[in-house]
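Here's the structure, in structure tokens; my notes come after.
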Amino acid sequence: MKKLFFALSLSALLFAGCSKDDGPMPEPEPVGEEWIDPVFAQILQERGYIKNALTVTPSDVKDITKIDVSGNYYQDNEGNYITEGTIKSLRGLKYFESLEKLECYANQISEIDLSQNTALTYLDCDLNSLSSLDVSNNIALTYLACDLNSLSSLDVSNNTALTYLHCTYNSLTSLDVSDNTALTYLACDLNSLSSLDVSNNIQLTELHCTYNSLTSLDVSNNINLKLLYCAYNSINSPDISNNTSLESLWCSSNALTSLDVSKNTALTELFCYGSSLTSLDVTNNIALIELSCFNNNLSSLDVSNNTALKGLSCSNNNLSSLDVSNNTALDGLNCSNNNLSSLDVSNNTALNGLRCNYNNISSLDMSNNTRLTFLECNYNNLPSLDMSNNTKLIYLWCSNNNLSSLDISNNIYLRDLECNYNNLLSIDVSNNTQLIALYCSFNNLSSINISNNRELYWFECFNNPGENGEFVVKAWFDNSSIPNGFTRSGWDGITLIYQNVDK
């Protein structure tokens, strides 16, 4: 009996695994290239997300919450962005079931399937080759950056949690953000938008929509707006009276005929250059630090209340006077191309740079401006210019004046001197050993000594009278070895002679 019982028990054990309720054995997981793009997998391995790109399985990635497979990029000399990333496909991304953050910018990706990545909250796919982007299943998304692609449309209607949207440098002709009421930051610059409705986006604190084709922009509901950049459009009269929190406004190069900033008392930056403004009242904007209103038609500008002002650019207007006596914090002033006959900067002791070219200024006292590093006062009526106190000066451009003398012996840090078209009889540059550029053409010089100026890279001395038919330049070389960038031949019967003082 015992033998029979043992045999029956053994039979039961042997056939226990053959129950008709058990299905077929599960398929083995795909491995490596069977399910994931090999280049994508290799980058994941190099950056420590997976151990082996050749043997990785979907189970190995299902719990990964963030990956950064971005490439490097740079701008070439023409401003084009060049990407160095090698990924062309993100095949296999759907198996990253727990993925919350994906950074894949600066690659060569032409399409991306995010339909299974429903946990995604952060996506940066800038600088790729995407012609479309579907984020309709990614309802948890709060951050989306897709700049510098080839998108002609972008649907974010399902992404109601979105707080940050950056879609600049694309080909968008429309953008609907009416459902994105949580948005605090929107940048859609450099597209082809003819209209933009942000009336539902009352949480917005920053709006960037420069370089589009907007003819109007209603921001009356956006009372939390702190920064508004809408330059390079065709907007003629923006109403920003409700935007009392606004700190920075860039509305330059529009079709502006008027601009009322009287209610925007928090403004620290105002850029409204390149328009058709005939008046600009900034008397209420006492917090203003930067004001750039050049290239308009302003006949007057009162900045007496703007005592915090550090930068003022009001060139290319019709100003006949400019009082900056209250602007003692002023660091940079550009008032070129106006009708100024005088300019008093004696109170502006913090001044680092002054451009006052193309005016009718007959005197310029720079004695109090001891921090000055550059001065441009070309095309005025200056008979004299005293720079003896400006010992930090690096650039001095004073061409096209009536100067008969110029003392720069104290300006030992001077690197660039342009004094063409004056009445200079002589010029001593022996102390200016750091000079790299010297332009002294069209004066009354008989000769010049540049033997101490061995850092010179550019030197021009055309059309000076010289003496006895010669213009002698004392240097560290002679006519047989004139450096490139230097005047190389005489003019109007004058022979140019370089004398080597070392011989």
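The values are calculated or read from the model by the stated rules, or taken from the named source; none is laboratory data. Only a predicted model underlies this, so the values are computations on that prediction, with no experimental measurement involved. Note: ideal-geometry Cβ built from the backbone for every residue, glycine included; neighbour counts use all protein chains shown. Surface areas here come from the heavy atoms of the whole protein model, side chains and all, with no ligands, DNA or RNA. Shrake-Rupley method; radii C 1.70, N 1.55, O 1.52, S 1.80 Å.
What is region 323-413's relative contact order, in percent, from Cα pairs under 8 angstrom and six or more apart in sequence? Could the numbers behind the result be given before it?
Working: 240 pairs, mean separation 20.4, N = 91.
Worked out over region 323-413, it gives 22 percent.
Seen from all directions on average, region 208-335 presents a Cα convex hull projection of 6.6 nm². The label point for N360 and the one for S341, both projected 7 Å from the Cα toward the Cβ, are 0.6 nm apart.
At a probe radius of 1.4 angstrom, the accessible area of the chain per residue rounds to 48 square angstrom. For region 92-223, dividing the convex hull volume of the Cα atoms by the residue count gives 83 Å³ per residue. Please list, in order, the residues from region 420-447 whose amide nitrogen is less than 12 Å from a point placed 7 Å along the Cα→Cβ vector of I394. None, by backbone N distance to the label point.
Against the empirical 2.2 N^0.38 Å scaling, what ratio does the C-alpha Rg of region 457-503 come to?
Details: Rg = 10.3 Å, N = 47, 2.2 N^0.38 = 9.5 Å.
In units of the 2.2 N^0.38 Å rule of thumb, it is 1.08.
For region 310-462, list log₁₀ I(q)/I(0) at each q in 0.12 Å⁻¹, using the Debye formula over Cα point scatterers of equal strength and ignoring solvent, two decimals each. With no solvent term, the Cα-only Debye profile gives -0.48.
Can you pull the Kirkwood radius for region 394-484, inverse mean 1/r over Cα pairs, to one decimal in Å? About 13.2 Å for region 394-484. Across region 295-371 the C-alpha pair distances fall into 5 Å bins from zero in the proportions 3, 17, 29, 28, 18, 4, 0 percent.
Relative to the present Cα-Cα distance, how much length would full extension add between T184 and I412 at 0.36 nm per residue of separation? Walk me through the numbers on the way to the answer.
On the way: separation 228, 0.36 × 228 = 82.08 nm, distance 5.10 nm.
That pair, T184 and I412, stretches by 77.0 nm at full extension.
Ordering 103-110, 69-76, 377-384 by mean Cβ neighbour count within 10 Å, with the highest value first, yields 103-110, 377-384, 69-76.
FRET efficiency for L54 and S367, Cβ-Cβ distance as r, R0 = 56 Å, nearest 0.05?
0.15
Summary value for the chain: 4 percent relative contact order, contacts being C-alpha pairs under 8 angstrom separated by 6+ residues. Ordering N222, V282, P28 by the projection of their Cα atoms onto the charge dipole of the chain, which places +1 on the Cβ of Lys and Arg and -1 on the Cβ of Asp and Glu, puts P28 at the extreme positive end.
For the chain, pairs of C-alpha atoms spaced more than 33 angstrom apart make up 61 percent of the total. Each Lys or Arg adds one and each Asp or Glu subtracts one; over the other residues with Cβ under 11 Å from the Cβ of Q434, this totals 0.
Which order do the peptides 249-258, 279-288 take when ranked by the mean count of other beta-carbon atoms within 10 Å per residue, highest first?
Working: 249-258: 19.3, 279-288: 17.5.
Top to bottom by mean Cβ count within 10 Å: 249-258, 279-288.
To the nearest 20 Debye, how big is the dipole of the chain about its Cα centre, given +1 on the beta carbon of each Lys and Arg and -1 on that of each Asp and Glu? Don't skip to the end; give the middle numbers.
Values: 22 positive and 54 negative charges, 166 e Å.
That gives a dipole near 800 debye.
Working note: Cα atoms of region 83-125, range along each principal axis, descending, whole Å: 28, 18, 12.
What is the percent of Cα-Cα separations in region 207-247 that go past 14 Å?
Working: 354 of 820 pairs.
Tail of the P(r) past 14 Å holds 43 percent of the pairs.
Whenever you get a sec, compute what percent of the accessible area on the chain sits on carbon and sulfur atoms (1.4 Å probe). Here it works out to 46 percent.
The angle separating the long axis of helix 2-15 from the principal Cα axis of greatest extent in the chain is about 40 degrees.
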